[in-house]
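Below is one structure, written out as structure tokens, with a few remarks after it.
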Amino acid sequence: MKNYFYLGKREPEYRELLSQSCIRIEDKVIPLSQVVSAEQVHGNQIHICTEADSGAGFGDKAKVAGVDGLITAAKEQYLMIRTADCAPVLMMDKQHRAVAALHSGRDGTRLNIVGKAIDMLKEHFGILPQDLCVWIGACICAQHYQVSAELYEEFVIAMQEQKLYPRLNQGNQIDIRLAVFQQLLRAGVAFRDIDQDMNCTYQDRSYHSYRRDGSKLRQINIVGIEHE
Ligand SMILES: [Zn+2]
């Protein structure tokens, strides 16, 4: 077994997939019948997928409702998270027992969806934090993510309640990446096992950005376990 993952850029774009039968990423072809897509409602609910979930979000099959995270131990099943400024977070067990794909925007981060996924991986699959490799994909940086004083305060309080160290500033700027990174460390993932695409989706035009363009276009981020 091996883990497969992909952190998206502008292409392939999510909406284009809906008229197709597969995802083409360089030489790789993934049938959409093997992909699972989450509704993504800015919460912290996570669904543990079975093979019956394959194809959710494509054709006549609805996305997995009410969740911002997906976990699977099913082989050749690919979990998809769509992003355009929120952080995509992909978790891979080094022994290929299970993988997770998470949508961690302001609310998902405030609600610590990555910590919840780590708890579920342990509870359901016996996977410990030190068994994980984690990728944080491109997301909006703090400099480009200014919010209202109320939202900033709500976020900072949530970070402090989680015993994290939020970026404190005068500009009501939220640092999602820093928060997710700290949540992973706090949960026990090793520093050396966390990788990041440090690009800012707002700054770098090779990514879709909701804040920059009001765009409905989305990066796709994918993780799965497959046969060698
Ligand atoms: Zn930026």
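The values are calculated or read from the model by the stated rules, or taken from the named source; none is laboratory data. Note that the structure is a prediction, hence the values are computed from the model and not measured. When we count neighbours, we look across all protein chains shown, and the Cβ atoms used for this are built from the backbone with ideal geometry, even at glycine. Please note that ligands, DNA and RNA were not included when accessible areas were found on the heavy atoms of the full protein model with its side chains. Shrake-Rupley method; radii C 1.70, N 1.55, O 1.52, S 1.80 Å.
Label sites at Glu150 and Lys75, each approximated as a point 7 angstrom past Cα along Cα to Cβ, lie 5.2 nm apart. Highest mean first, the peptides 214-222, 101-109 sorted by other C-beta atoms within 10 Å per residue fall in the order 101-109, 214-222. Computed per residue of the chain from DSSP H runs no shorter than four, each worth -39500 (n - 2.57), the mean residue ellipticity at 222 nm is -6000 deg cm²/dmol. Taking 27 Å as the limit for the C-alpha separation, the pairs Lys9/Lys61; Lys116/Lys163; Lys63/Lys122; Lys63/Lys163 exceed it in the case of Lys63/Lys163.
Each Lys and Arg contributes +1 and each Asp and Glu -1, all at the Cβ; summed about the Cα centre of the chain, the dipole is approximately 260 debye. Taking the C-alpha atoms only, the angle from helix 176-187 to the longest principal axis of the chain is near 80 degrees. A viscosity of 1.306 mPa s and a temperature of 10 °C, combined with the Kirkwood radius over Cα pairs in Stokes-Einstein, give a translational diffusion coefficient for segment 1-88 of 118 µm²/s. The phi torsions of segment 87-99, fed into the Karplus equation with coefficients 6.51, -1.76 and 1.60 and a -60° offset, translate into couplings of 8, x, 10, 10, 10, 10, 6, 4, 9, 6, 7, 7, 9 Hz, rounded to whole numbers, with Gly and Pro shown as x. Can you give the angle from 0 to 90° between the axis of helix 113-125 and the longest principal axis of the chain, with both taken from C-alpha atoms, to the nearest 10? For 113-125 against the chain, the angle is about 40 degrees.
Between Asp195 and Arg167, full extension at 0.36 nm per residue minus the direct alpha carbon distance yields a gain of 8.1 nm. Legend: calculated FRET efficiency, Arg186 to Asp60, from the Cβ-Cβ distance at R0 = 41 Å, rounded to 0.05, equals 0.50. Shape index of the chain: Rg/Rh, with Rg the Cα radius of gyration and Rh the Kirkwood radius from the inverse mean 1/r over Cα pairs, equals 0.95. Here the accessible area of the chain is 48 percent carbon and sulfur, with a 1.4 angstrom probe and all protein chains present.
Among the GluC sites (Glu not before Pro) found in segment 1-79, those both in a DSSP coil and sparsely packed, with 12 or fewer other Cβ atoms within 10 Å of their Cβ, are Glu26.
Helix 149-161 and the long axis of the chain differ in direction by around 80°, with both axes built from C-alpha atoms. Centre-to-centre separation between the Cα atoms of segment 188-216 and those of segment 1-78: 19 Å. The residues of the chain present an accessible area of 45 Å² per residue when probed at 1.4 Å with all protein chains retained.
Using a simple spin-label model with pseudo-atoms 7 Å out from Cα toward Cβ, Arg97 and Glu11 lie 4.1 nm apart.
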